[in-house]
Every structure is written in C-alpha cells, then in structure tokens.
Amino acid sequence: MARLSTGIMELNKKLQGGIPEGECILIAGEPGTGKTIMGMQFLYNACKEGKKCALIATEETPEKIMIHAKALGFDLEPFVENNQLSMIRFLEMRAYDVDEEYNSNYMQIDDISNLIHMMQDDIDVIVLDNLGTFSIGVDLKEFRDKVDMLAYLLSKQKRTSIITIDATAHELTHKIAEYSTYGTIRLMVKENPYTGKMERFMYIPKMRGTKLSMELIGYDITEEGIKLSPPKTNK
Ligand SMILES: Nc1ncnc2c1ncn2[C@@H]1O[C@H](COP(=O)(O)OP(=O)(O)O)[C@@H](O)[C@H]1O
Ligand SMILES: [Mg+2]
C-alpha cells in the first residue's frame with residue numbers, strides 16, 4: 001500500500017511509512033493537543049513532495065494558520081503562491097452566513113462535500129480543520145450519514161485527507177466519525193503515573209491495512225512542530 005508521510009518521521013515508522021494514500025484519517029483531541037499543527041505538518045510535507053493540496057479551515061483564517069505554521073518552520077506561503085496549495089476560506093464563508101441571517105441554513109458538512117466534489121481532480125491532499133464545527137445541533141444519524149458521505153467521497157476521489165475533530169464534538173457524537181474514516185489518531189494529555197506529570201500522548205485505535213502496537217505514544221510540541229518523545233526508562 002502506498003503511503004504518504006505524516007511529516008513526523010518517527011510516526012511514519014509506526015504507520016509502516018505513513019498515511020495510506022487516497023484514504024481519510026481522523027485526528028481527534030482536546031484544544032491545544034496539536035490537531036491543527038499536525039494537519040499543517042502533513043500539508044507542508046505533502047507540498048514539499050510536490051502534491052497539490054487544499055486546506056479547508058473552519059475556525060481560523062488561512063492567514064493566521066500560515067503565521068502559526070511558519071513559526072514552527074512550516075512555511076506554506078511559497079506553495080500558496082505557486083498554486084500548489086489552495087486555502088479555502090470556510091471561516092469567512094461561515095461568518096457571511098451568520099451576517100446574512102441565513103441562520104436556519106448554516107454551513108453544513110454537505111457544503112464541504114459539495115466543495116470537495118467540485119475541486120479540481122489534481123488535488124491529491126486535503127486537510128479539513130475542524131469537523132466539530134458542523135456537529136452542533138445535528139442529530140447523530142444525520143451526522144453519521146454526512147461524515148460517511150464525506151469520507152466516501154474523499155476516498156472515491158483518491159484524495160489523501162486528514163480531518164480533525166475537537167474532543168467535545170467527538171464525545172457528543174459518540175465518536176461516531178471514527179466508523180466512517182480509514183484510520184484515527186487520538187491526541188491527549190495524561191498524567192504519567194511514573195512521574196506524576198502531565199504529558200502528551202497519541203493513541204492510534206484504528207488504521208486499516210496497518211499493524212498497530214496499541215501503545216500510548218509520547219509526543220511533544222516543539223519549536224519545530226510535533227515530535228515523538230524518545231522512550232523513557234523508568235528508573
Ligand atoms: N513554538 C511552540 N513551541 C512549543 N509548543 C507550541 C509552539 N507553538 C504552539 N505550541 C503548542 O501547540 C498548541 C496548539 O496546537 P494546535 O495545533 O493549535 O492545537 P489544536 O488544534 O488541537 O487546538 C499550543 O497550546 C502550544 O502548547
Ligand atoms: Mg486547532
């Protein structure tokens with residue numbers, strides 16, 4: 001199976017090379033756990049590998065995301081300039097929606113599916129940050145159906161994608177989005193029982209076609225983005 005680098009070298013090793021190409025992966029976690037950073041790291045790497053990419057950002061403007069990414073060493077600007085990376089202004093589209101008082105007609109997952117449907121065929125890689133935006137006020141069955149359709153569409157069109165979801169929306173929807181996607185990476189902060197300190201961990205409950213070790217994988221958010229922590233010896 002062809003894989004696309006996550007942009008995190010040590011994580012690629014745990015995933016037999018990276019994310020299965022043409023498939024859709026969910027990244028779930030509390031605010032501040034690094035979901036957006038992980039998405040940007042993946043995008044930056046895909047751009048460097050020459051892929052055509054798109055970012056659909058529902059919570060921040062592309063400008064802000066680019067400033068944050070650049071501070072961590074992931075300069076996306078040249079790729080936007082050479083049209084390799086499209087920034088889709090979903091936050092502004094949402095704001096317009098609210099302004100115009102189309103309140104009964106808020107942006108929905110369908111709008112994202114339509115958008116992706118209309119995207120040029122040569123866009124290989126898509127990051128959607130954050131799906132949780134669309135879970136509010138939607139019933140569970142509807143949410144499941146729509147996420148199913150979105151994941152189906154992405155994989156049918158062979159776009160390798162990362163979709164993030166915040167922990168609150170993920171819990172409220174009973175983690176149902178995990179059923180629709182090809183794989184899931186959960187990001188969390190937990191107390192290390194050996195040190196008594198809060199530490200960052202990722203857990204990969206599902207990645208089809210991939211042998212998983214089912215361990216908690218320690219990581220850090222550094223000035224150069226996400227890095228896996230070296231295994232600790234508990235002496
Ligand atoms: N330069 C940096 N050095 C260390 N940690 C950083 C740096 N920049 C951001 N972070 C960490 O990243 C977190 C934000 O990550 P982000 O991807 O935006 O989280 P999420 O999208 O899950 O809410 C911050 O709370 C901070 O802890
Ligand atoms: Mg975020």
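Some notes on this structure:
- Residues in region 192-206 that are more than 16 Å from ligand 1 (Cβ to nearest atom) and either at pLDDT below 95 or out of contact with any helix residue (DSSP H, G or I) (no Cβ under 9 Å at 6 or more places or on another chain) (or both): Asn192, Pro193, Tyr194, Thr195, Gly196.
- Strands (runs of 3 or more DSSP E) fully within region 116-227 counting 3 or more residues that are surrounded by 16 or more Cβ atoms within 10 Å (Cβ to Cβ) and acidic (Asp, Glu): none
- Matching residues, region 1-60, being part of a loop (DSSP other than H, G, I, E, B), within 11 Å of ligand 1 (Cβ to nearest atom) and hydroxyl-bearing (Ser, Thr, Tyr): Thr33
- Test: residue in region 9-16 that is touching a residue at least 12 places away in the same chain (Cβ under 8 Å) and either in contact with an Asp or Glu (Cβ under 7 Å, 6 or more places away or on another chain) or under 20 Å from Leu115 (Cβ atoms) (or both): no
- Region 223-235, residues that are at pLDDT 95 or above and farther than 11 Å from Ile8 by Cβ: Glu223
- Residue within region 8-21 that is within 16 Å of ligand 2 (Cβ to nearest atom), closer than 23 Å to Arg208 by Cβ and either among the polar types (S, T, N, Q) or more than 12 Å from the chain's Cα centre (by Cα) (or both) present: no
- Region 58-74 residues that are touching a residue at least 24 places away in the same chain (Cβ under 8 Å), paired with ones that are within 14 Å of ligand 2 (Cβ to nearest atom) and part of a loop (DSSP other than H, G, I, E, B) (beta carbon under 6 Å, 6 or more apart): Thr58/Asn130; Glu59/Asn130
- Test set (1) out of contact with any Leu (no Cβ under 9 Å at 6 or more places or on another chain); (2) farther than 19 Å from Ala169 by Cα - Pro20 fails condition number: (1)
The values are calculated or read from the model by the stated rules, or taken from the named source; none is laboratory data. This is a predicted model, so every value here is computed, not measured. Backbone-built Cβ (ideal geometry, glycine too); neighbour counts: all protein chains shown.
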